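Working notes for the structure below.
The values are calculated or read from the model by the stated rules, or taken from the named source; none is laboratory data. Only a predicted model underlies this, so the values are computations on that prediction, with no experimental measurement involved. A quick note on method: Cβ atoms are made from the backbone with ideal geometry, for glycine too, and the neighbour counts reach across all protein chains shown. Only protein heavy atoms, including side chains, enter the accessible area calculation; ligands, DNA and RNA are left aside. Shrake-Rupley method; radii C 1.70, N 1.55, O 1.52, S 1.80 Å.
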Amino acid sequence: MDRVLRLSSQKAVVIFSVSSCCMCHTVKRLFMELGVDAAVHELDQDPKGRDMERALAKMLAPGRTPPVPAVFIGGNLVGPTDKVMSLHLGGKLVPLLRDAGALWL
């Protein structure tokens, strides 16, 4: 859990992902298209990825599998794909990114 919390606060936007996950790809692509330089941690390519995945599962809703993508903005857990897309479609994602310093315009 400590490693996830430390990594999640190192940049304005941090995404925990699995390289073969289509929803992870969708979220990463959204942030890229918005012009956000997110820190992406591919759990399947990290030696401690399984531990981080378990920690993320505890932080997200119980029973949610898999716990990726997990998006942090400004060091705060925003959530998985459905939460990110809901914010985006509701016009609340860009202001949140601006407040966190992830977007300049």
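Assorted remarks:
- Surface/4 of the Cα convex hull for the range 7-63, nm²: 4.3
- Using the Cβ-Cβ distance between L34 and R6 with R0 set to 35 Å, the FRET efficiency works out to roughly 0.90.
- At a Cβ-Cβ separation cutoff of 4.7 angstrom, cysteine residues of the chain with no neighbouring cysteine are C22.
- Heavy-atom accessible area ranking, 1.4 Å probe, most first, across D82, D46: D82, D46
- Mean residue ellipticity at 222 nm, helices only, the chain: -13000 deg cm²/dmol; runs of at least 4 DSSP H residues each add -39,500 (n - 2.57), and the sum is divided by the number of residues.
- With Cα atoms, 0 to 90° folded angle of helix 22-33 axis to the chain main axis: 30
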